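Undergrad: I'd like to ask you about the structure that follows.
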């Protein structure tokens, strides 16, 4: 694929006709939004080389709007996502698993957004075996609501149960959809993922003809606001990705907060990462808080967020948000819980305020896409990929090379018992 900077209108119309999966066509029969499988986004990054798609957690409407504008401006394929904690049945955001596709589609049509977008159900968390039966009912509803990609995250469980949960839930994920799996909960420098754990998960899936597009690791990241500079361990990530090379799985980088742009560039250059989640930063930026160059909120000497005048929400609205946070004892990263009670109030601000919220997100994301993630012009690669495939489903990147007879339930349990892993304290499913 050449990834030409200019895609003709004929190419776009053809890709729109064949590239949108059945659930998206059914929901939005007259839409001009290029909502496609996450598989095409991953492959667009691989085709360009050393490129990472931003997976932006759309915690509010302004984040989604700003991200799409930045992606259009940089001609970058993009992923808009929401995690189960953010937008599941017990959500703390008004944007959720069941309305995020509708919001993305509406904004794309309103603003004339033509770049390819995947809608990703991030961190579909399985924390105990009893969660699996509920997931079998709920996961299909996400795709009925327009999702085109999912992360099955059973990393909270021991290695054997993680793999078995992934196997049991796979029939409920459409074959054409983007698929992410995870090993090692996200918990900073504690309980780092190992090569053995990652191989165990990917080999076991491979034996059962399941070929994830991405694997997420605990490679030193945390979620939310990160104060330390420990951050992503690039060498560990590269070592694990190298070990997985023949299984053709890309990396998904979680918890980019607390990592400098230089470190994120290093991830792009030295690992097989094609997806990087950005969540807390975008929320803070939309509200008008002061952040550093990679979106980590800056605190004043009293440990409070710094609201910039004439940025984000009005000063009066911010005062109301702070008062609510104090009344509910919300501090630091838990300001995320302001999203649900304040979404309608934020949407009720004057248009000039709403526009500047989205514009601030756009500026930050544009810089990340072009100057950090090397994602500029990946939209063209994605559209070429659709045209080459001639369908909404490009099929798997890998083929089965493991022997299913060696990966029965009993043998999975036996194998897992021999893996040494750094458990550490409990981890975090949130972004």
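Undergrad: Taking a ≥ b ≥ c as the square roots of the Cα gyration tensor eigenvalues, with a/c under 1.5 meaning rounded and otherwise prolate when a/b beats b/c, else oblate, which class fits the range 9-388?
TA: Rounded shape, in that the Cα axes give a/c under 1.5.
Undergrad: Taking the beta-carbon count within 10 Å as an exposure proxy, list 237, 378 from fewest neighbours to most. Display every interim value, and only then the final one.
TA: Details: 237 23, 378 31.
Ranking 237, 378 by Cβ neighbours within 10 Å, fewest first, gives 237, 378.
Undergrad: Return the whole-Å distance between the Cα centroid of the range 80-104 and the Cα centroid of the range 1-75.
TA: 19
Undergrad: To check you understand DSSP bridge types, tell me what percent of the beta bridges within the range 9-388 (both residues inside) are antiparallel, rounded to 5.
TA: 10
Undergrad: Using alpha-carbon positions, what is the distance between the centroids of the range 392-413 and the range 115-194, in Å?
TA: 17
Undergrad: Who wins for biggest fluctuation among 347, 163, 264 in a Gaussian network model of the chain, springs between alpha carbons below 10 Å?
TA: Residue with maximal mean-square fluctuation among 347, 163, 264: 347.
Undergrad: Moving on to the next point. Which residue fluctuates the most in the chain, going by a Gaussian network model with Cα springs under 10 Å, if the choices are 37, 380, 260?
TA: Result: 260 has the largest fluctuation of those listed.
Undergrad: When ranked by the protection proxy of mean other Cβ atoms within 10 Å per residue, highest first, what sequence do the peptides 27-34, 287-294 form?
TA: Listed from highest to lowest mean packing, they are 287-294, 27-34.
Undergrad: Using Cα springs under 10 Å in a Gaussian network model of the chain, which residue among 302, 286, 101 shows the largest mean-square fluctuation?
TA: So, out of 302, 286, 101, the one fluctuating most is 302.
Undergrad: I've got another one for you. Within 10 Å of each residue's Cβ, count the other Cβ atoms and sort 235, 131 from fewest upward.
TA: By the 10 Å Cβ count, ascending, the order reads 235, 131.
Undergrad: Could you please rank 92, 392, 366, placing first whichever residue has the fewest other Cβ atoms within 10 Å of its Cβ? Intermediate results must be reported in sequence, preceding the final value.
TA: Values: 92 17, 392 24, 366 20.
Least crowded to most crowded, the residues run 92, 366, 392.
Bear in mind that the values in this text are calculations on the coordinates, not laboratory data. Nothing here was measured: the structure is a model prediction, and the numbers come from that model. Cβ: placed from backbone, ideal geometry, glycine included. Neighbour counts: every protein chain shown.
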